[in-house]
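The values are calculated or read from the model by the stated rules, or taken from the named source; none is laboratory data. These numbers come from a predicted model, not from an experiment. Using ideal geometry, Cβ is built from the backbone for each residue, glycine included, and neighbour counts are taken over all protein chains shown. Please note that ligands, DNA and RNA were not included when accessible areas were found on the heavy atoms of the full protein model with its side chains. Shrake-Rupley method; radii C 1.70, N 1.55, O 1.52, S 1.80 Å.
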Amino acid sequence: MREMRYEAPKTLQGALALLSGGNGLARVLAGGTDLLIQMRSGLEPELLVDIKGIPELTVLAAENGGYRVGAAVTCMELIEHEAFARAWPGVIDGVKLIGSIQVKGRATVGGNLCNASPAADSVPALITAGAVVGIIGRNGRRETVVEDFLTGPGKTSLAKGEIVTSLLLPRRPPHSGDAYLRFTPRTEMDIAVVGAGVNLTLDDSGVCRRARVCLGAVAERALLVPEAAAALIGTSVDAAALKRLAAAASAACRPIDDKRGTREFRIKVAGVMARRAAEIALARARKI
Ligand SMILES: Cc1cc2nc3c(=O)[nH]c(=O)nc-3n(C[C@H](O)[C@H](O)[C@H](O)COP(=O)(O)OP(=O)(O)OC[C@H]3O[C@@H](n4cnc5c(N)ncnc54)[C@H](O)[C@@H]3O)c2cc1C
């Protein structure tokens, strides 16, 4: 193995200077639960920039009625934040599924996002939430929505030297609920064969006025499915609407065939998972 430099800057400017300094392969290190495994499988960065000591990235705070989640906030910190968990239970559904308690104590949602696995469990619910990714680079700060941030398996719109600083989850209207479900052959410590996130808002009479539906592990990146959301909007999310949602979710899938699930299986299960997630989101929306 070649020599590797490890740096733990205390400021964002310090991290940016390090990342733009050399010509060799540099990687941001958050929890390391993906990165260290990749390094054991042959990835050889010359420089690791540990971002966990940068105060701005560890903040988890209410902002304009929503929440800003710093990129170095761990999954466990998010799960244990009661107000956040009440506001976005579907996001918490996804985060809770990431690995074991030990993994969640290290892993970050920012890392789950930046690793850009099509099966990443936090991503579908972040997309249905309309989460905004905060990014900093040498040319300043920019923002993008999660669905545009992810560009393919293991690929994001981050330019060389850029760092994700936070995720901003917006304020929710009343009578809103979200949920995320995944199918895996095992109950835990497994990768989603299919994941489905639904976020919906009802009006005072129980009619669905807004909805977003996103599927994981059925395409090269998480898939926002407007046709599935349209099946819910204007309805009371009754059985007929849920059936149309399931059909639209299945129709949108373009999955791979692998040892964990065939194409046909994934397509069918995507509809089932989307319908069940919508039922949970609906029950949560009715409670608020
Ligand atoms: C046993 C085990 C079980 C797992 N189970 C699941 C599971 O069920 N579901 C699931 O979705 N994942 C699972 N994972 C994968 C992993 O834990 C998650 O993807 C985790 O959220 C990654 O976060 P991290 O902070 O550890 O990222 P890291 O490993 O530190 O980083 C991941 C990648 O993102 C980059 N990166 C990280 N933060 C930033 C940033 N702020 N800006 C720019 N780039 C950044 C890194 O350079 C690296 O390329 C599992 C992992 C293990 C080891």
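Choose one answer from 146, 59, 213: the residue with the largest mean-square fluctuation in a GNM of the chain with alpha-carbon springs under 10 Å.
Greatest mean-square fluctuation among the candidates belongs to 59.
Explain nothing, just the number: relative contact order of the chain, from Cα pairs under 8 Å at least 6 residues apart, as a whole percent. Can you show the working numbers first?
Numbers: 684 pairs, mean separation 46.3, N = 288.
Averaging sequence separation for qualifying contacts and normalising by length gives 16 percent for the chain.
If the reach is capped at under 17 angstrom between alpha carbons, list the lysines near residue 52, excluding any in the same chain fewer than eight residues apart.
Partners within reach: 10, 104.
Using label points projected 7 Å from each Cα along Cα→Cβ, tell me how many nm separate residue 38 and residue 103, to one decimal.
1.6
Roll a 1.4 Å probe over the protein chains and send me the accessible area per residue for the range 142-233 in Å². Mind dumping the intermediate values first?
Details: 3910 Å² over 92 residues.
Heavy-atom SASA per residue in the range 142-233 reads 43 Å².
Say a site is exposed when it is one of the trypsin sites (Lys or Arg not before Pro), sits in a DSSP loop, and has at most 14 other Cβ atoms within 10 Å; what is then the longest site-free stretch of the chain?
Numbers: sites that count: 2, 10, 138, 160, 171, 186, 259.
Result for the longest clean stretch: 11-137.
Per DSSP H run of at least 4 residues, take -39500 (n - 2.57); add these up for the chain, divide by its residues and hand me the 222 nm value, nearest 500 deg cm²/dmol. Before the final figure, lay out each step's value.
Values: 12 runs with 105 residues, N = 288.
For the chain, the value works out to -10000 deg cm²/dmol.
Leaving out ligands, DNA and RNA, and with a 1.4 Å probe, what % of the accessible surface on the chain is carbon or sulfur? Let's see the in-between values first.
On the way: 7230 of 13400 Å².
Result for the chain: 54 percent of the exposed heavy-atom area is carbon or sulfur.
Assuming 0.36 nm per residue, please report the length gained on full extension of the stretch residue 203 to residue 5 beyond their Cα-Cα distance. Could you put the intermediate results ahead of the total?
Details: separation 198, 0.36 × 198 = 71.28 nm, distance 5.48 nm.
65.8 nm is the gain from fully extending residue 203 to residue 5.
Given the options 78, 242, 47, state which has the largest fluctuation in a GNM of the chain using a 10 Å cut-off (strictly under) for Cα springs.
Comparing 78, 242, 47 in the GNM, the peak value goes to 47.
When the Cα centres of the range 58-93 and the range 177-249 are compared, how far apart do they sit, in Å?
Each part's Cα centre sits 21 Å from the other's.
So which aspartates and glutamates can residue 243 reach, going by Cα to Cα under 19 Å and dropping same-chain residues fewer than 8 places off?
The reachable aspartates and glutamates, counting only those whose Cα sits under 19 Å from residue 243, are 178, 227, 264, 279.
Return a whole-number percent for the relative contact order of the range 97-154, with Cα pairs under 8 Å and 6 or more residues apart as the contact set.
Working: 50 pairs, mean separation 18.5, N = 58.
The normalised contact order for the range 97-154 reaches 32 percent.
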